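J.: Got a structure here, written out as structure tokens. Questions coming.
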4 protein chains.
Amino acid sequence: MPTHFGPATGPRQGPDGRKFANIDTPKNTNISISFLTDAAALKAMLPPCFTLDGEPIVTIFAKYMTEIEWLAGRGYSMLGIRFPAAFNGVKDHVRGSFLSVLWENLTEPILTGREELGFAKIYCELPDPTISPSTWHSTASWLGFKFLDLTVSKLKVSEQPPIKTISSTPDDGTLHFKYIPQTGVWGSADVAYPVLTPATGSNETTIEHWIGDGTIQFHHARWEDMPTQYNIVNTIANLKIKEYHHTSITKSIGSKDLSDQRILS
Amino acid sequence: MPTHFGPATGPRQGPDGRKFANIDTPKNTNISISFLTDAAALKAMLPPCFTLDGEPIVTIFAKYMTEIEWLAGRGYSMLGIRFPAAFNGVKDHVRGSFLSVLWENLTEPILTGREELGFAKIYCELPDPTISPSTWHSTASWLGFKFLDLTVSKLKVSEQPPIKTISSTPDDGTLHFKYIPQTGVWGSADVAYPVLTPATGSNETTIEHWIGDGTIQFHHARWEDMPTQYNIVNTIANLKIKEYHHTSITKSIGSKDLSDQRILS
Amino acid sequence: MPTHFGPATGPRQGPDGRKFANIDTPKNTNISISFLTDAAALKAMLPPCFTLDGEPIVTIFAKYMTEIEWLAGRGYSMLGIRFPAAFNGVKDHVRGSFLSVLWENLTEPILTGREELGFAKIYCELPDPTISPSTWHSTASWLGFKFLDLTVSKLKVSEQPPIKTISSTPDDGTLHFKYIPQTGVWGSADVAYPVLTPATGSNETTIEHWIGDGTIQFHHARWEDMPTQYNIVNTIANLKIKEYHHTSITKSIGSKDLSDQRILS
Amino acid sequence: MPTHFGPATGPRQGPDGRKFANIDTPKNTNISISFLTDAAALKAMLPPCFTLDGEPIVTIFAKYMTEIEWLAGRGYSMLGIRFPAAFNGVKDHVRGSFLSVLWENLTEPILTGREELGFAKIYCELPDPTISPSTWHSTASWLGFKFLDLTVSKLKVSEQPPIKTISSTPDDGTLHFKYIPQTGVWGSADVAYPVLTPATGSNETTIEHWIGDGTIQFHHARWEDMPTQYNIVNTIANLKIKEYHHTSITKSIGSKDLSDQRILS
């Protein structure tokens, strides 16, 4: 929507219908911190069609992108929360991670991500990290209310390739649950189905890789502070951090246009 | 989306499921400029289920709101384009205006407006108007590219009640076309139906009313300038302004929560 | 600076050298909260040429302005901290309040205010207050770090005229200390003199007046949070709030251009 | 100012009085476009104590900085205009370039730059450039009014070291004219003296270097568009571009704290 202003352009279609290569761009800076929590808390965040798959390890990741082709060379950023999950349907049996929520700081990819792809994208401010020799510091806020402080300290170059999955299982990709309510019939749905972003097909290549010590602090919000997201932030803030696992920062190049996104059944 | 963080709050539901009264707030400043254009150009902007209904008069309106209850006392702004249209379905026969596009400067109402209500909402920056004794000046831009200059000059107080409709027809409300694409089956739709915002039910009361001389200038954009909206802005910029009609500025109080939005069939 | 691009325009000079009337505009919303603190803490914040004058009552005020003539109808906001002080010089003997710091959310008035007038203006973000029936809430932040929460609750209309001064003394105006360092001779000054904004001469007229219960919370900052202002914010955050005094919110119209600002000697 | 909140921190002083090394940071992206114009137009932009020195070649440069130590790892950007000039005083005889105006997108360095160093810094918005394989595009705007479009196309890696000066003369550094008005005695000055930023002493090292074809478009502004800067922007927009000279983009690391800034006499 709107539907009647000629062909729409976006991440999967440029002017004249051309596709974007996503090979030499975007340029990405990725921060990833994972921690062990309680399985019960994660299960409560899962749509019923999915099951927790393996250890209850949550990964918080932030991605700062520049030179995005479909935005004509602009950038934007995202902050997501994922944990291992599986889908066992009639036809599809996939294991991967469930992306429970993905904040982005630009409306356009939020709209296409939700409606075309089924990503649980919502908005927040994601300023570029502050970077000191000893420490990276990222924050996330909504209309000025800072709900996350994330720091990575004691950075050192890693000679290992970055860890791609959050569990030892085969990683088929990222799981989502697309949900669109029905207008006027409040409580019922127009759309409600599981969706998969296949793990394959991306041109993303890591060019730098550091590891370090990460910490995460989600700040509880009142309805007055975040009247559309306080339930989300508080649920995550309530997750017990039993033990930090892997923390990494990488620089990477490339992406994919996600046109391989597909419904699971 | 996301669906599993407890009850979501938004324009139609506060904490503990309470509704918002929308009586003493929001405080609204409304600018409205209408002009005569070519019927053919408007017909091309209509989804097939609607017909142009009466004179091809386009109304550009901006609404600057503060003290919004569901945002815990914050504000946001919108910019819309509407023209008279009718729907003649199997069951419903309504006349009103078609809201072809509605820009808003906050992601949250864009998301709920699109998914719950079927409004063709998209994002832009809408700074508060600059106000001089002689002239109001509003602009709209996307990531710094200004695509609209709107001015109202020669303001004088009007003793008339504001004009509510844009045609002489009975105004049943505002028409929209809700469209959500199907994931992975590109080109097909999960949702595609006409929707009505009934004209009745709002607590909005006008408390001040001026009329004046309005002018509108939409600025053509290249894909590089507005890679997700250039087609929309250019279509509107191409509308011939044959003659300006009514221009008004009003201050009003109150609203409705739009829970009376319904599918047309 | 810069000096060689033709006549500069600003608060005290428009195009063609014309002055601004400041009668029907700007439109102002004023929040003021005062509290009793320790005299010693305030004395430490005073330049040596001033003395604390009367009870150690600090007033925090926020002013949200729109329709400013010299900004061609735009608005901006300020947040200040004042307390009663006196100057006894060779020639001048004045009593009033010392404006220890004034945050503004726009660079232009900060520059002219500092260099032309000697106001201790610095920058911060000052979003419009959130307004609920029961409570106003204002915040101030610097690049996302929120250093102030200010709330006013239990608002009721006051039939009294607003309190103009913060003490029972005659109010000659607002005291400032203008200081400009000398380039290259670090530690010495090009300019260092006391300045007065006379209490008279403003067209500001109060049109609405409420009183209520105010609270102030300054949040301590680390150097990492506010590398240019943490010392200021922490000094204020350390002020003991012994007892809240007067809290008011007013709407007012009009101003003055401050061309009556003068050096004290 | 303010002066009485303990030791101030800024570009030349951190907590506990420590200095910043400026060796491994900041990370800088520099765009530079120079063109030949009329000597008379440049002479009109020079304070009387300076003379045009050599060919009337103007250089527009933009610098996008990240990881700035004195901002605890944050970044900001600048846009400047310089041309060759000389100062022949009683004591000092220097040749270099005159920095006629320097826009920055953060208030703090504007304040210290003006008051401590005498730079003609003013504020504007400087979003990160949009970067496509073929073209870089930078803009500058003030409260939404875009006054500059700058593009660099046909980029190719250069094996040459970047050109450091804008003329064949020895480059002693950057010339400025520090001017602070006297309060209340409108038209007279508290401070008015020429200042030099020596060319030496910076740790800045170029690590990547491209050349390309540059174009500059300054957009004329009305007082209503830029009520504090229209005279500056229009003066520059009126400069005739007779011929483009050198265009380059570089990535560099390091800086200096400018504590070697000194008064010329």
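J.: Contour minus end-to-end for B:LYS240 and B:THR3, with contour as 0.36 nm per residue of separation and end-to-end as the Cα-Cα distance? Each step should come with its number before you reach the end.
T.: On the way: separation 237, 0.36 × 237 = 85.32 nm, distance 4.48 nm.
My answer for the length gained is 80.8 nm.
J.: Another question, if that's okay. Calculate the mean, over all residues of peptide D:172-180, of how many other protein chain Cβ atoms lie within 10 angstrom of the residue's Cβ.
T.: Whole-number average of other-chain Cβ neighbours for D:172-180 is 3.
J.: Taking the Cα atoms of region D:141-215, report the difference between the largest and smallest coordinate on each principal axis, in whole Å and largest first.
T.: Result for region D:141-215: principal-axis Cα extents of 55, 37, 23 Å.
J.: Ok, one more. Could you give the semi-axes, largest first, of the ellipsoid that matches region D:104-190, computed as the square roots of 5 times the alpha carbon gyration tensor eigenvalues and rounded to whole Å?
T.: Semi-axes, largest first: 33, 22, 10 Å.
J.: Using protein heavy atoms only (no ligands, DNA or RNA), what is the total accessible area buried between D and C, 1.4 Å probe, nearest 100 Å²?
T.: Counting both chains, the buried surface is close to 5800 Å².
J.: Shifting gears a bit: So how much slack lies between D:SER132 and D:SER188, counting 0.36 nm per residue of separation and subtracting their Cα-Cα distance, in nm?
T.: Computed gain between D:SER132 and D:SER188 is 15.2 nm.
J.: Averaging the inverse of every distinct alpha carbon separation and then flipping it gives the Kirkwood radius. What is it for the protein assembly as shown, in angstrom units?
T.: Result for the protein assembly as shown stands at 31.1 Å.
J.: Another question about this same structure. For region B:185-265, list log₁₀ I(q)/I(0) at each q in 0.14, 0.15, 0.18, 0.25 Å⁻¹, using the Debye formula over Cα point scatterers of equal strength and ignoring solvent, two decimals each.
T.: Relative scattering, expressed as log10 I(q)/I(0), comes to -0.97, -1.05, -1.10, -1.02.
J.: What is region A:87-240's relative contact order, in percent, from Cα pairs under 8 angstrom and six or more apart in sequence?
T.: It rounds to 22 percent for region A:87-240.
J.: OK, next. Could you work out the relative contact order of region D:1-89? I mean the mean sequence separation of Cα pairs under 8 Å and 6+ apart, divided by the number of residues, in percent.
T.: Computed over region D:1-89, the figure is 30 percent.
J.: Follow-up question, since we're still on this one. May I ask you to list the residues of region A:123-153 whose amide nitrogen lies under 14 Å from a point 7 Å from Cα along the Cα→beta-carbon direction of A:THR215?
T.: Correct set: A:135-138, A:149-153.
J.: Which net charge results for the neighbourhood of D:PRO15, defined as the other residues with beta-carbon distances under 11 angstrom from its beta-carbon, given Lys and Arg at +1 and Asp and Glu at -1? Please list the in-between numbers first.
T.: Values: positive: C:ARG222, D:ARG18; negative: C:GLU224, D:ASP16.
Overall, the nearby charge balance is 0.
J.: Per-residue mean of other chain beta-carbon atoms within 10 angstrom of the beta-carbon, peptide A:129-135?
T.: Per-residue shielding by partner chains comes out at 6.
J.: Amide H of C:PHE98 versus every other amide H placed in the peptide plane: which residues, excluding those fewer than 5 positions away on the same chain, fall under 5 Å?
T.: It is C:PHE83, C:ALA85, C:LEU175, by chain and number.
J.: Using Cα pairs closer than 8 Å and at least 6 residues apart in sequence, work out the relative contact order for chain B, in percent.
T.: Working: 612 pairs, mean separation 60.8, N = 265.
RCO, chain B: 23 percent.
J.: Where Rh denotes the Kirkwood radius from the mean inverse Cα pair distance, what is Rg over Rh for chain D? Could the numbers behind the result be given before it?
T.: Working: Rg = 18.3 Å, Rh = 19.4 Å.
Rg/Rh for chain D comes to 0.95.
J.: Take the Cβ-Cβ distance between C:SER158 and C:HIS93 as r, set R0 to 25 Å, and report the resulting FRET efficiency rounded to the nearest 0.05.
T.: Step by step, r from the Cβ atoms, then E = 0.15.
J.: What 222 nm value per residue comes from the helices of chain C, counting each DSSP H run with n ≥ 4 as -39,500 (n - 2.57) and dividing by all residues, nearest 500 deg cm²/dmol?
T.: For chain C, the value works out to -1500 deg cm²/dmol.
J.: If I compute solvent accessible area with a 1.4 Å probe over the protein chains, what percent of it on region A:106-220 is carbon and sulfur? Walk me through the numbers before you get to the answer.
T.: Numbers: 2650 of 4920 Å².
On region A:106-220, the fraction of accessible area on carbon and sulfur atoms equals 54 percent.
J.: Which value, in Å to one decimal place, does the Kirkwood hydrodynamic radius take for region C:46-88 when every pair of different Cα atoms is included?
T.: On the way: mean 1/r = 0.0786 Å⁻¹.
Result for region C:46-88 stands at 12.7 Å.
J.: Among the DSSP beta bridges whose two residues both lie in chain B, what percent are antiparallel, rounded to the nearest 5?
T.: 95
J.: How big is the gap, in Å, between the Cα center of region B:69-122 and the Cα center of region A:97-149?
T.: Between the Cα centre of region B:69-122 and that of region A:97-149, the gap is 26 Å.
J.: Please report Rg over Rh for region B:61-118, where both radii come from the alpha carbon positions and Rh follows the Kirkwood definition.
T.: 1.07
J.: Pull up all non-local amide H partners of D:THR25: gap of 5 or more, or a different chain, and H-to-H distance under 5 Å with H placed in the peptide plane.
T.: It is D:GLY254, by chain and number.
J.: Can you pull a Stokes-Einstein diffusion coefficient for region B:6-159 at 4 °C (1.567 mPa s), Rh from Kirkwood over Cα pairs, as a whole number of µm²/s?
T.: The diffusion coefficient I find is 74 µm²/s.
The values are calculated or read from the model by the stated rules, or taken from the named source; none is laboratory data. Note that the coordinates shown come from a computational prediction; the quantities given were computed from them, not determined experimentally. Note that each Cβ is placed from the backbone with ideal geometry, even for glycine, and that neighbours are counted across all protein chains shown. For the accessible areas, the whole protein counts, side chains as well, though only heavy atoms, and no ligand, DNA or RNA atoms are used. Shrake-Rupley method; radii C 1.70, N 1.55, O 1.52, S 1.80 Å.
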